[in-house]
Structure formats: structure tokens, C-alpha cells
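Taking it in order: structure first as C-alpha cells, then the write-up.
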Amino acid sequence: MNRRKLIALLGGASVAWPFAARAQQPPMPVIGFLHSASLEPNAKRLAAFRKGLQQGGFIEGQNVAIEYRWADGQNAKLPELAAELVKKPVSIIATLSSTPATRAAKAATSTIPIFFLIAEDPVELGLVASLNRPGGNVTGISSQNAELVAKRLGLLRELSPQASNIAVLLNQQNPNAKPIRATLEQAAATLGVQLNVLEASTDAEIEAAYASLKPNSPLLIGTDPSFFARRVMLVTLGARHSIPTMYDSREAAVAGGLMGYGQNTESSWEQAGIYVARILKGAKPGDLPVMRPTKFEYVINLKTAKALGLDVPPAMQARADEVIE
């Protein structure tokens, strides 16, 4: 073989080798992200999820891919979207702050790992066998919403001690509506108030619910992804109809709502990212205990209270984690 041919052969081998090496590398894992709402209202939460993934060693676009499926408030689309992710297939399905998405994913696969972030008891929903030993392919974070719901009602009652009736807005299409209602009815009986349950899932139904309330009638907003996505709309309606309203998140109070009490959701999404990374590295969901949120926030918006003509007792302000003035 002459020198020119030898150089050409070696040069061709050096070009071909990187391609062969890349072909032998394991494929990039894919996270299926399933949610019943849309991206825009969850953008900050999603950034927190990515932050958690990065802490676990995964950066989107570098060593992990994410396939997003947003139902845009149409829960009926969730089974189809879940089936798409299963067919793809993905390495894990994350369903954060969306119980309907979690149930759709659970129905779609019994083998692909699922990580949830929900407000309900996952044992009662049939998602896991127990909190300490979930078993199967599902685990996640649960805030055990019953305790938080009763606390929110108590705070709203404390702010409106003369009210004999407190309204609650629930999305009847959400599977958590019935247990929330049962919890609130029990808490209302203890507090000595009547509960006025309003059910709504569309813009028109929500507007009608607000229009049915008398000015200064206290209202509690049930936990639901579509209500979170509509938080600006709810705050606007509350101001228009002069309704003192308790929400389940800090974000709603920052948007102009009167009060918010609940888990620090961005922190929980970050924690979810860390645990999803563990599963991608080989941890089995069935062996990972269901976690509880570690950060909770109680926020009062005094600007909104003033607009509603309400005096928030100093004791309530002192207990708040944040007072917006």
C-alpha cells in the first residue's frame, strides 16, 4: 500500500470513529410531562422543576429530553395525551399539580414510572398501596389537602366572624371535588357556618357563580389546575363583586387576591425534579415513599383588603408569612 492510500485510509477511519462511538452511546432519557392546564400559568413552576432536575444531574436538551402534553383545561383530552406518551415511549411520566393528569397516566400504564404532585391522599385515590411503600410504578408528593382545606376555611371564618354562610367554588369535573366538599362540610359544621357549594368548570359558569353571591360574602376557591390558570380572572371577579376570597396559593394573593394559604408550589416542583432525576438514575418508584411538602405559605394582601373595606386583625397579620401592602 503506498503512502497516499495509507493516509486516506487512516483519515477515513478517524472521521468514521466519532460517528461509531456516538452510535454506541445510550439514548437520551425522555420525560413525559402531562398536565391538564397550559404552559403560560405554570411557567415559573416549570422552571423550578428544571432546576430540580439539574440538581439531580439532568439538563433539558443536553442529557434529558422532555415531551410536553398540555390539555389546556380539557380534561377529556388527558387519556389520549397519556396514551401518546406511553406509545412514544417515555422513561417516566411527571404529572405535577394535576390530579386528573395523574389518574390518566395511571390508567395508561402500569410499567412506566409515574411521579405525581397532588393535593389528595394517593392511597384513597388508588394510586399507591401505602405512603411508605407505594409499590407498583407510581410515587410522588402529596399535600394531604384535607388539612389545608379546613385551615383555609378557618382563616376565612376568622376574617369574617359575622358571616353565617361561606361559599366554596369547586370544579365538579375534578376528582378531588367530592372529598374537598366532604371535608369542608365537616369543618363548616365545627365552625358553626353554612356552606354554599358553587360548581363551575367554564368561564361562563364561574362568572355566574360570582354573580350569585351578595357583596362581602366570603368565598373559598377549591384546589384545581383550571382555577390556578384562571387566577387573574377570579381576582378580577372578586373585586368586581366585592367578594373576600381565600385561595390555595401565594400566586393568587400576589395577583390581587385577598388571602392565600397552601404549599410553596414552586418548591414542591423543584423537589419533584430532584426525585424524577433519582428515578431516571434507576431508583424504583415503588420503593420511594410518598413525600409531604416542606414549605407552606400564608399570604395576606392588605391592598385588596382595603379595597374591600376590610380590617384584617393584627393577630392574623402577625401569623402571615407575607403581608402585601
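The values are calculated or read from the model by the stated rules, or taken from the named source; none is laboratory data. For clarity, every value in this text was computed on a predicted model and none was experimentally measured. Neighbour counts are summed over all protein chains in view; Cβ atoms, including those assigned to glycine, are modelled from backbone coordinates with ideal geometry. Keep in mind that these areas ignore ligands, DNA and RNA; they rest on the heavy atoms of the full protein, side chains included. Shrake-Rupley method; radii C 1.70, N 1.55, O 1.52, S 1.80 Å.
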With every protein chain in place, what's the accessible area of Ile59 (1.4 Å probe, Å², nearest 10)?
-> 60 Å²
Averaging sequence separations of C-alpha pairs under 8 Å and six or more residues apart, then dividing by the length of segment 105-226, give the relative contact order as a whole percent.
-> 25 percent
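How much length would be gained if the chain were fully extended between Ile59 and Arg278, taking 0.36 nm per residue of separation minus their Cα-Cα distance, in nm to one decimal?
77.5 nm
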How far, in nm, would the chain grow between Gln172 and Ala129 when pulled straight, counting 0.36 nm per residue and subtracting the alpha carbon separation?
-> 12.9 nm
Take the solvent-accessible surface of the protein heavy atoms, probe 1.4 Å, and return the percent of it on segment 75-152 that carbon and sulfur atoms account for.
-> 52 percent
Can you tell me the dipole magnitude for the chain around its Cα centre, using point charges on the Cβ only (Lys, Arg +1; Asp, Glu -1), in Debye to the nearest 20?
-> 1440 debye
Heavy atoms only, probe 1.4 angstrom, no DNA, RNA or ligands counted: give me Lys77, Lys295 ranked by accessible area, highest first.
-> Lys295, Lys77
Compute the label zone of Ser242 within segment 161-199: residues whose backbone N is under 20 Å from the point 7 Å along Cα-to-Cβ.
-> 161-168
Mind ranking Glu297, Glu124, Glu266, Glu207 by accessible surface for me, highest first, 1.4 Å probe?
-> Glu124, Glu207, Glu266, Glu297
Taking a 30 Å limit on the Cα-Cα distance, which of the listed pairs Lys77/Lys284; Lys44/Lys151; Lys77/Lys306; Lys87/Lys284; Lys214/Lys303; Lys88/Lys281 fall beyond it?
-> Lys77/Lys306
Per residue, how much accessible area does the chain have with a 1.4 Å probe, in Å²?
-> 48 Å²
Lys178: which aspartates and glutamates have alpha carbons under 19 Å from its alpha carbon, excluding same-chain residues fewer than 8 sequence positions away?
-> Glu120, Asp121, Glu124, Glu147, Glu199, Glu205, Asp224, Asp248
Karplus-derived 3J(HN,Hα) from phi for segment 127-141 (6.51 cos²θ - 1.76 cosθ + 1.60, θ = phi - 60°), whole Hz, x at Gly and Pro, runs 7, 9, 6, 7, 6, 7, 10, x, x, x, 10, 10, 7, x, 10
For Lys295 and Leu310 in the same chain, what is the full-extension length gain: residue separation times 0.36 nm, less their Cα-Cα distance, in nm?
-> 2.6 nm
Estimated vicinal HN-Hα couplings, Hz - segment 161-176 in sequence order (Karplus 6.51, -1.76, 1.60; Gly, Pro = x) = x, 8, 6, 9, 9, 10, 8, 9, 9, 10, 8, 5, 7, 8, x, 7
Amide H proximity to Ile93 below 5 Å, modelled H, separation 5+ or other chain, gives Gly32, Ile114, Phe115
Using r as the Cβ-Cβ distance of Ser164 and Val232, and R0 as 35 Å, what FRET efficiency do you calculate, to the nearest 0.05?
-> 0.70
On the protein heavy atoms, probe 1.4 angstrom, tell me the percent of accessible surface of segment 232-325 carried by carbon and sulfur.
-> 49 percent
Just the accessible area for Asp121, please: 1.4 Å probe, Å², rounded to the nearest 10?
-> 40 Å²
Arrange the residues Met259, Met291 by how much accessible surface each exposes, largest first, with a 1.4 angstrom probe.
-> Met291, Met259
Whole-Hz Karplus couplings 3J(HN,Hα) for segment 276-282, θ = phi - 60° and coefficients 6.51, -1.76, 1.60, Gly and Pro as x, run 4, 4, 4, 5, 4, 7, x
